[in-house]
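Please treat every number below as a calculation from the coordinates, not as lab data. The structure presented is a predicted model; accordingly, all values stated were derived computationally and were not measured. No Cβ is skipped: glycine too gets one built from the backbone with ideal geometry, and neighbour counts run over all protein chains shown.
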Amino acid sequence: MNNQTLRMDREQAKKLIELGSRLCQLRQNQGISLHQVAEKTMIPTRLLAAIEAGNLEQLPEPVYIQGFIRRYADVIGMNGAEFASAFPTDADLVVPESSWRGTVQAQLRPLHLYLLYMVLVMGAVGGLSFLLNRSTTPQMVGLTETAQPQAQLTPGTPVVPIGPPAPAQPRATLSQNLSSPQPSVSPSAVQKPIRIGLTLTAQSWIRIEADGKTEYEGVLPEGTQRTWTADKRLTLRAGDAGGVMISFNDSKPKRLGEPGDVEEITFGGDAQANTTPETSRNSESLTASSETF
């Protein structure tokens with residue numbers, strides 16, 4: 001699977017150079033500036049320049065690159081859908097289906113399965129019977145030993161207890177144990193989990209990492225409302241920050257960024273810092289990171 005991913009990356013980089021060069025040539029032949037294309041497509045100029053230069057490292061995920069190419073091609077009078085289909089995405093990876101022939105499951109016959117089932121049933125019944133016999137035998141022996149001395153007692157024979165008497169617990173100690181206060185758990189000792197809510201006003205690619213584990217990665221359509229939680233740390237990355245409204249622990253939703261920008265934000269900290277989101281970088285570093293994505 002790693003070899004297929006590397007091969008796909010090389011193919012994407014090669015195809016992006018080819019398509020970007022063709023878009024740049026057609027735009028210049030029509031006398032259209034890159035700024036005019038950015039105004040009509042609502043795509044930042046830096047991303048359009050990266051497409052023309054074939055710089056794959058400065059662009060978001062391949063599915064967004066394909067969408068940018070389609071909108072770019074439509075503006076300069078081409079068939080955007082047909083032109084952008086030449087750019088491969090991660091969805092084009094084909095996972096070979098594993099053949100089940102020759103495996104142990106394929107060689108099993110109904111008779112084999114029936115015999116295996118009978119062996120399992122007999123083993124379960126035998127084990128259950130052994131456990132029941134083992135648990136009931138000591139109880140019956142104890143009852144027999146206890147009842148035998150009582151049967152030999154005659155009327156008027158005093159019963160002498162066997163063994164030393166159990167020491168009585170002092171009253172002062174008992175009353176002290178009853179009156180001693182029980183420890184209580186402070187409400188502040190319970191850590192409040194991290195919870196973010198997303199409302200999409202436009203289609204966007206989203207990736208959620210909760211406590212170091214990727215919980216979701218994919219494209220969410222417009223109008224989607226989702227909620228994610230984490231114990232210590234939660235990171236959100238969006239391909240189109242202008243279409244994402246985010247709220248932290250039931251706070252008022254705010255827009256993540258500008259349309260077309262790739263933004264990443266991290267929430268985390270101790271229990272006292274949960275009321276304020278902890279971003280992984282300031283606004284300047286966020287912009288720089290999105291430009292080099």
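Projecting label points 7 angstrom from Cα along Cα→Cβ for Ala86 and Asp231 puts them 5.2 nm apart. For Asn79 and Ala53, the difference between the fully extended length at 0.36 nm per residue and the C-alpha to C-alpha distance is 7.3 nm. Modelled label positions at Val219 and Glu39, each set 7 Å beyond Cα in the direction of Cβ, lie 2.8 nm from each other. Rounded to the nearest Hz, the phi-derived 3J(HN,Hα) couplings of segment 239-252 under the Karplus curve 6.51 cos²θ - 1.76 cosθ + 1.60 (θ = phi - 60°) are x, 10, 5, x, x, 10, 9, 10, 10, 10, 6, 6, 7, 5, where x marks glycine and proline. Computed over the alpha-carbon atoms, segment 2-92 gives an Rg to Rh ratio of 0.97, Rh here being the Kirkwood radius from the mean inverse distance.
What the phi angles of segment 46-59 give under the Karplus curve with 6.51, -1.76 and 1.60, with θ = phi - 60°, is a coupling list of 5, 6, 5, 5, 5, 5, 5, 7, x, 8, 6, 6, 8, 10 Hz, glycine and proline written as x. In terms of other Cβ atoms within 10 Å, Leu16, Leu111, Leu59 run from fewest to most in the order Leu111, Leu59, Leu16.
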